[in-house]
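Readers should treat all values here as calculations from the given coordinates under stated rules, not as data from a laboratory. Here the structure is a predicted model, which is why all the values come from computation and not from measurement. Here the Cβ positions follow ideal geometry from the backbone for every residue, glycine too, while neighbour counts run over all protein chains shown.
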Amino acid sequence: MLFLFSVFMVLASLGATVWLAVTGQATTVDGLFLALTCLLVALCFGLYLKFMISRALESLQPPAKPSKAPAPQKAAPTTSSQPVETS
């Protein structure tokens, strides 16, 4: 349902911007800011749609195989110049 609402908002915002341009209202200061606001709303919902679609595509891919565990690192050898502590 949220996907359909987002698509509707993008189409409505772009439609309103086209209407402002066709009727000539976008040439006024108020119309210009209204057109920019419509474009901003369309951009926000469009980015949300892109995010939603990419998340859906990621969930369709099979899970990646776990990589092998890294080999344990060896402790650095002690040299004679380092004191050895005994408890």
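For segment 24-37, the condition of being touching a Phe, Trp or Tyr at 6+ places or on another chain (Cβ under 6 Å) and either part of a helix (DSSP H, G or I) or among the small types (Gly, Ala, Ser) (or both) holds for none of the residues. Just one of the listed residues (Leu32, Leu47, Leu39, Leu57) is under 28 Å from Ser6 (Cα atoms) and in contact (Cβ under 8 Å) with a residue 24 or more places away in the chain, namely Leu39. Summed over segment 1-25, residues that are over 25 Å from the mean Cα position of the chain (by Cα) and exposed (fewer than 12 other Cβ atoms within 10 Å of the Cβ) total 3.
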